[in-house]
Amino acid sequence: MSVVEEPLYPIAVLIDELKNDDIQLRLNSIRKLSTIARALGEERTRRELIPFLGENNDDDDEVLLAMAEELGVFVPFVGGVEHAHVLLPPLETLCTVEETCVRDKAVESLCRIGSQMRESDLVEYFIPLVKRLAAGEWFTARVSSCGLFHIAYPSAPEMSKTELRSIYNQLCQDDMPMVRRSAASSLGKFAATVEYAHLKADVMTIFEDLTKDDQDSVRLLAVEGCASLGKLLEPQDCVAHVLPVIVNFSQDKSWRVRYMVANQLYELCEAVGPEPTRMELVPAYVRLLRDNEAEVRIAAAGKVTKFCRILNSDLAIQHILPCVKELSTDSSQHVRSALASVIMGMAPVLGKDATIEQLLPIFLSLLKDEFPDVRLNIISKLDQVNQVIGIDLLSQSLLPAIVELAEDRHWRVRLAIIEYIPLLASQLGVGFFDDKLGALCMQWLQDKVHSIREAAANNLKRLAEEFGPEWAMQHIIPQVLEMISNSHYLYRMTVLHAISLLAPVMGSEITCSKLLPVVITASKDRVPNIKFNVAKVLESIFPIVDQSVVEKTIRPSLVELSEDPDVDVRFFSNHALQAIDHVMMSS
């Protein structure tokens, strides 16, 4: 009896849990669908589980979303691709619910299943499903159908293909803006599956209708379609059909449409080729750079370097550079920040003379910007300018801005500049660094903010790696070790942290002669925090030094600390002693 009843158990439990008042129980049971399907076997999953799920579609959105996701990976549990079509009905129902994220997930799962289905099954089951959804009385079904055409179309017979193109055209003219938006959003994917002759005739007609839609939310999705259609069309067709649309869109009355154009323009330039770009798209881009909406200027400013790379340097200097000068003093700090993050890339495009003459003054004005992000964006990309104009010119203008940022009242700004110091050091060279930036690096070790002190210690390690142990021995180690006598224990802890980072870079000899004695002296400190940090440092540096040094110096110090009255000091010193013993035993 129990052998007969056992397979019934999982479906019975599922039904009970899916009817439970507790949403978490219902969610858990949906997430266990694959386990239940394995227990039931392929045939019973097809016969009992899938129909039950198809009926259970009036649950909370969270449960329906989980169901839509699970069904997308259910093909192996129903017997493979030959039975994949049984999964379509429950997903078709989920495509009609009101909640957008459930519908989107159902469409995604249908696409995943459809891409695995056999051609005959697509014709028999999938294409009729798309047609039913597209003819749905409620707009949600029609919205969902738009995302399925690119799966249905390639396998359709010729008659069905004509019908599918006609249905898609009707969806693009639907009374509901939400349906037209969905059609506009999916047009690129659908167009990629359509034959070239029909692409030019039917799809371009659909596209032109969408670009004239009275809803800006539809038009801005049509802008996205411009780039994908541009890549599908031959260059001459792209110039004839897509280019005029983009030029018009760059002057659209809705700023959101113009924003999308500013974001997509670079991709379009690639699609139409260099000549139409110079003739048509440069004026459109200049308009966007001078747009009266800050969001549009931000999007356009962020693409300025990419756009200049398509043009020759003369065109960039003539048309784009005047706009860049205006943007560098823009009233919106976000526009200036977007420009600062990419402007450095213009230097290689313009060449040395134009960079020195035209770009350098703009860099300098941005380096003096009152908004820290603008200054940081410039400093983080300095290598691109350095390659073009050389370090001498750059360093004269750069240093005041670095010093200002290094002492900025916002600690996050100071932190960001510390992280760029090793990059600057490698670009500026050791001579410039010693003269100008060395003192700053030491100053940060005594910052009031812990994160700055920690970053400053890491910075010293990276500088020692960049310039070598000899340089570090001369310029870093003496100043760091001096600070161990600071009256504030937090600064003494920073020195210990710096020593633990510098020791592996400096090597065994310098560690034993210079660093270790300072650490041993600190083990006598009156503050417990210092003493347990000494134990941590000794644990980190003992693998670097000789075994004789460990036995003569490190172990006795740790033994002494292990008898300290403070519990944390005892814990960390014992931990270090165990680590030493473990290494000694294994070696």
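Using beta carbons and a limit of 6 Å, which pairs, at least six apart or on different chains, have the first residue in the range 309-324 and under 18 Å from I362 (Cβ atoms) and the second one not β-branched (V, I, T)? As it stands, the answer is S313/L350; S313/G351; A316/C308; I317/A354; I320/C308; L321/Q358; C323/L289, since those pairs meet every condition given. Only residues that are acidic (D, E) and crowded, with 17+ Cβ neighbours inside 10 Å were counted in the range 171-208, giving 2. In summary, C101 fulfils each of the numbered conditions (1) touching a residue at least 12 places away in the same chain (Cβ under 8 Å); (2) more than 23 Å from R132 (Cα to Cα) with the single exception of condition (2). Of everything in the range 469-492 that is hydroxyl-bearing (S, T, Y) and in a helix (DSSP H, G or I), the residue that is farthest from K524 (Cα to Cα) is Y491. Do we have any residue at all in the range 460-480 that's modelled with pLDDT under 85, polar (S, T, N, Q) and surrounded by fewer than 21 Cβ atoms within 10 Å (Cβ to Cβ)? Yes: the range 460-480 contains one or more residues that are modelled with pLDDT under 85, polar (S, T, N, Q) and surrounded by fewer than 21 Cβ atoms within 10 Å (Cβ to Cβ).
Every residue, every condition in (1) more than 20 Å from V143 (Cβ to Cβ); (2) small (G, A, S), yes or no:
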position: Y168; (1), (2): no, no
position: L171; (1), (2): no, no
position: M204; (1), (2): yes, no
position: F207; (1), (2): no, no
position: G225; (1), (2): no, yes
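Residues that are polar (S, T, N, Q), in a helix (DSSP H, G or I) and open to solvent by 60 Å² or more (accessible area, probe 1.4 Å) do occur in the range 155-164, at least one of them.
Test each condition in (1) of a type outside the set (F, W, Y); (2) surrounded by fewer than 17 Cβ atoms within 10 Å (Cβ to Cβ); (3) within 46 Å of the chain's Cα centre (by Cα) for A535 and report the one that comes out false. (2) is the only condition that A535 fails. Tell me, yes or no, whether the range 329-336 has at least one residue that is under 21 Å from L268 (Cα atoms) and among the charged types (D, E, K, R). No.
A single member of L393, L359, L398 is modelled with pLDDT under 75, open to solvent by less than 10 Å² (accessible area, probe 1.4 Å) and in a helix (DSSP H, G or I), and it is L398.
With respect to the conditions (1) open to solvent by 60 Å² or more (accessible area, probe 1.4 Å); (2) of a type outside the set (D, E, K, R); (3) part of a loop (DSSP other than H, G, I, E, B), N574 falls short on a single one, namely (3).
Listed conditions (1) open to solvent by 20 Å² or more (accessible area, probe 1.4 Å); (2) under 27 Å from T100 (Cβ atoms) are all met by L71, apart from (1).
Taken over the range 51-68, the residue count meeting the criterion of being open to solvent by 50 Å² or more (accessible area, probe 1.4 Å) and assigned to a helix (DSSP H, G or I) is 5. Residues in the range 401-420 that are open to solvent by less than 10 Å² (accessible area, probe 1.4 Å) and at pLDDT 80 or above: I418 alone.
Residue by residue, here is whether (1) crowded, with 21+ Cβ neighbours inside 10 Å; (2) in a helix (DSSP H, G or I); (3) not basic (K, R) holds:
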residue	(1), (2), (3)
L502	yes, yes, yes
C512	no, yes, yes
V519	yes, yes, yes
R526	no, no, no
V545	no, no, yes
S548	no, yes, yes
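Taking residues in the range 562-573 that are without any contact (Cβ under 8 Å) to a residue 24 or more places away in the chain, and partners anywhere that are open to solvent by less than 50 Å² (accessible area, probe 1.4 Å) and small (G, A, S), the pairs with Cβ atoms closer than 8 Å and at least 6 places apart or on different chains are S562/S573; R570/S562. Reported count of residues in the range 299-332, each being open to solvent by 70 Å² or more (accessible area, probe 1.4 Å) and assigned to a helix (DSSP H, G or I), is 6.
Among the residues of the range 228-283, the one identified as surrounded by 15 or more Cβ atoms within 10 Å (Cβ to Cβ), of a type in the set (D, E) and assigned to a loop (DSSP other than H, G, I, E, B) is D252. Residues of the range 165-199 that are polar (S, T, N, Q) and not in a helix (DSSP H, G or I): Q173, T193. Suppose the filter is at pLDDT 85 or above and not in a helix (DSSP H, G or I); does K531 pass it? So K531 fails the test. Scanning the range 552-571 for residues that are open to solvent by 50 Å² or more (accessible area, probe 1.4 Å) and within 43 Å of the chain's Cα centre (by Cα) turns up D568, F571.
The residues of the range 112-147 that are in a helix (DSSP H, G or I), open to solvent by 20 Å² or more (accessible area, probe 1.4 Å) and not charged (D, E, K, R), listed by number, are S120, V123, Y125, P128, F139, V143. Being among the β-branched types (V, I, T) and touching a Pro at 6+ places or on another chain (Cβ under 7 Å), is that true of even one residue in the range 164-184? Within the range 164-184 (the criterion being among the β-branched types (V, I, T) and touching a Pro at 6+ places or on another chain (Cβ under 7 Å)), the answer is no, since none of the residues qualifies. When the range 295-309 is examined, which residues are found to be over 16 Å from G351 (Cβ atoms) and hydrophobic (A, V, I, L, M, F, W, C)? Within the range 295-309, V296, I298, A299, A300, A301, V304, F307 meet the criteria.
Among the residues of the range 426-441, just one is open to solvent by 30 Å² or more (accessible area, probe 1.4 Å) and either modelled with pLDDT of 80 or more or under 17 Å from Y491 (Cβ atoms) (or both), namely A439.
The values are calculated or read from the model by the stated rules, or taken from the named source; none is laboratory data. Since we're looking at a predicted model, the values are computed, not measured. Glycine also receives a Cβ, built like all others from the backbone with ideal geometry; neighbour counts cover every protein chain displayed. We work out accessible area using only protein heavy atoms, side chains counted, and drop any ligands, DNA or RNA first. Shrake-Rupley method; radii C 1.70, N 1.55, O 1.52, S 1.80 Å.
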